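Data block below; observations after.
The values are calculated or read from the model by the stated rules, or taken from the named source; none is laboratory data. Fair warning: this is a prediction, and the values are worked out from it, not measured in the lab. Counting neighbours? That spans all protein chains shown, and the Cβs are built from the backbone with ideal geometry, glycine included.
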């Protein structure tokens, strides 16, 4: 460790403060002292330290409170506890809660110097390993996120900046723009990459089951709860949880999510005990949450907790220059999966794709290319292998419509157009309703409602 390492000593005995300050200043370290827990916490709040040496028992509060402040604040600081009891259980408990080591009074000078030296070496090694992981991932970064356009380069740069922070990130963008891929890139480049990334689609799980999925339940909590179950927050402990379509959460669940963020604890359904979890939250939405707040459907305080940093993904129509690159990527992917020799795509077909608006964004483009690869018998993919939606887009006709002199039935026209889009999305998704909803940028529940409204919701096994 550099000799400029900064040490905070928290001890209510003035003689111990002075002794440790003199000892470690002679070793070349910068030393700050505090005479009680409150002063120590204030130092941590206002300054940065590489290491804290803290007495276990002090008149105002326990030294464990200092340890908790370091841990809960996710500070990159090593903590060593000092205790007057040779075999105290509280010192061992402190190590279980994240302290690097503990030393018993009276201690030898060489002993505490060695412990501090090794603690600071560990800190440097952890930092170097983290930097190395980031650099290595940077060389192969975003393998699944393809794009050379200026807007995507700015997204890549922001992902790199936020990945190794500890703050929550809100990923915004239309459906199909690749929000989950960005979440995975952030997690993979973070110091939590060795821990789980747990993804949950808040719009795909029935509301009455979502609380149990997120927070777990105890046996007997409700009918059918024959045994206790760990929730997704507990599964992600130490890692990252990705809440896709977070705008679909009910207000009641928003309250519980807010509590989990603020207190870093969750409570299983039917339980009376809180459980501590260390989880970074990445969330995504294709809605304008500001509008949801104004409409009273989303809590403003939760919004600010989730949206500490925002990454906004552009629609595919805003990055047309990336379409040839994406097409090449998807052709390679699906040609390999289907064991086909595909040389590429004809200029005419590529031109059709670059002139199409892609309401379903990159997900729709991937679906189009997968379909073309499946139908292609080899060689180049020609325009005739593209779907009718691309070859004969309906958008132009719809926007150029004129009202005849005798008037129109607006509701019938809107219903007809909505019906055609729903059926088209179902055709593109192979009848899978969840995928069709994603193509249209709406939730699964909203998609089902529209099908029922228009009399299209026939029983099938494709939902």
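Let's see how each residue does on (1) on the phi < 0 side of the Ramachandran plot; (2) at pLDDT 75 or above; (3) in a helix (DSSP H, G or I):
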residue	(1), (2), (3)
422	yes, yes, yes
448	yes, yes, yes
455	no, yes, no
460	yes, no, no
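If you go through segment 235-255 one residue at a time, how many are assigned to a loop (DSSP other than H, G, I, E, B) and closer than 15 Å to residue 186 by Cβ? Here the count works out to 2. Among the helices (runs of 4 or more DSSP H) confined to segment 124-234, the ones with at least 1 residues that are at pLDDT 90 or above and under 13 Å from the mean Cα position of the chain (by Cα) are located at 150-163, 179-188.
Only one entry of 267, 275 meets the criterion of being closer than 22 Å to residue 299 by Cβ, more than 15 Å from the chain's Cα centre (by Cα) and not assigned by TED's automatic domain parsing to the domain that holds residue 434, and that entry is 267.
When residues in segment 40-61 are screened for being surrounded by 14 or more Cβ atoms within 10 Å (Cβ to Cβ) and more than 20 Å from residue 107 (Cα to Cα), 7 of them pass.
Within segment 370-395, being assigned to a helix (DSSP H, G or I) and either crowded, with 17+ Cβ neighbours inside 10 Å or modelled with pLDDT of 90 or more (or both) holds for 370, 371, 372, 373, 374, 375, 383, 384, 385, 389, 390. Residue check: is residue 323 farther than 24 Å from residue 247 by Cβ, buried (at least 19 other Cβ atoms within 10 Å of the Cβ) and touching a helix residue (DSSP H, G or I) at 6+ places or on another chain (Cβ under 7 Å)? Yes.
When you check residue 110 against the structure, is it part of a loop (DSSP other than H, G, I, E, B), more than 37 Å from the chain's Cα centre (by Cα) and farther than 23 Å from residue 278 by Cβ, yes or no? The answer is no for residue 110. What do you reckon, is residue 440 at pLDDT below 85 and closer than 24 Å to residue 329 by Cα? Considered against the rule, which asks whether it is at pLDDT below 85 and closer than 24 Å to residue 329 by Cα, residue 440 comes out as yes.
Only residues that are surrounded by fewer than 16 Cβ atoms within 10 Å (Cβ to Cβ) and closer than 16 Å to residue 246 by Cα were counted across segment 190-224, and they come to 4.
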